[in-house]
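Working notes, beginning with the structure itself.
Read the figures in this text as sums done on the coordinates, not as results from a lab. Because the structure is a prediction, the values reported are computed rather than measured. FYI the Cβ positions are ideal-geometry reconstructions off the backbone, even for glycines, and counts take in every protein chain you see.
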Amino acid sequence: MPRLAVGDVAPDFTLPTADGGSLTLSDLRGRRVVVYFYPAAGTPGCTKQACDFRDSLAALQGAGLTVVGVSPDPVAKLAAFAAEEHLTFPLVSDESRETLQAWGAYGEKQLYGKTVTGVIRSTVVLDADGVVELAQYNVRATGHVAKLRRDLGIA
């Protein structure tokens, strides 16, 4: 699948959220948005990454960024994950994997030395017009949010 690059207009989506509603990306126009893709709620790496976003949320919001997490998990699993980890940013469910594929965050990857098909841990930052400012693929769960903050100049 092709990956998004700086200057691309991000594909719009409307997906169900952990809180029972839905989120349409284009409704966030006028704000900078961090969309991050992760394989599975509740796993050690995904929990670490989500908690890092949670713990950095004030600084990210202070820099004008809205955070949205996307995984193929069903809404019920996302709701339990959000409650258990006290996550206060939207988690959206892409069970069909259409959005993951459209954003280049689903496909072949290496896992423990084997080639598998699945979610490619990725983060894309959009400007207020929905244009890609930064696209990072195959990111590490641990330390990624700190690196993202450095890349964006956020203390």
Report task. Calculate how many DSSP beta bridges within the chain are antiparallel, expressed in % of all such bridges and rounded to the nearest 5. Result -> 70 percent
Report summary line: CD proxy, 222 nm, the chain: helix-only mean residue ellipticity via -39,500 (n - 2.57) per DSSP H run with n ≥ 4, per residue, nearest 500, stands at -8500 deg cm²/dmol
Query raised in the report: Which residue, Gly62, Gly130, Gly118, has the most motion in a Gaussian network model of the chain that connects Cα atoms within less than 10 Å?
Result: Gly62
Report summary line: Per the 1/(1 + (r/R0)^6) rule, R0 = 25 Å and r from the Cβ atoms of His86 and Ser22, FRET efficiency to 0.05 is 0.70
Query - Proximal lysines to Lys147, defined as alpha-carbon separation beneath 25 angstrom and excluding residues fewer than eight positions away on the same chain - result: Lys48, Lys109
**Report entry** Rg over Rh [alpha-carbon atoms, Kirkwood Rh] for the chain
**Finding:** 0.92
Query raised in the report: Counting only residues 5 or more places away or on other chains, whose amide H sits under 5 Å from the amide H of Val67 once H atoms are built in the peptide plane?
Result: Val34
Report summary line: Scoring only Lys, Arg, Asp and Glu (+1, +1, -1, -1) among other residues with Cβ under 9 Å from the Cβ of Leu91 yields -2
Query - Neighbourhood charge, 12 Å Cβ-Cβ cut-off, centred on Ile154 and excluding it, Lys, Arg +1 and Asp, Glu -1 - result: +3
Query - Potential lengthening between Thr43 and Ala128 on full extension [0.36 nm per residue; Cα-Cα distance subtracted] - result: 27.4 nm
Query raised in the report: Which residues' amide hydrogens lie under 5 Å from the amide hydrogen of Tyr106, considering only partners 5 or more residues apart or on another chain, with H built in the peptide plane?
Result: Ile120
Query raised in the report: Which whole DSSP H helices in the chain pass both tests: a Cα extent of 18 Å or more along the axis and a mean Kyte-Doolittle value no lower than -1.0?
Result: 44-62
**Report entry** Net charge of Cβ neighbours under 14 Å - reference Gln110; Lys, Arg +1; Asp, Glu -1
**Finding:** +3
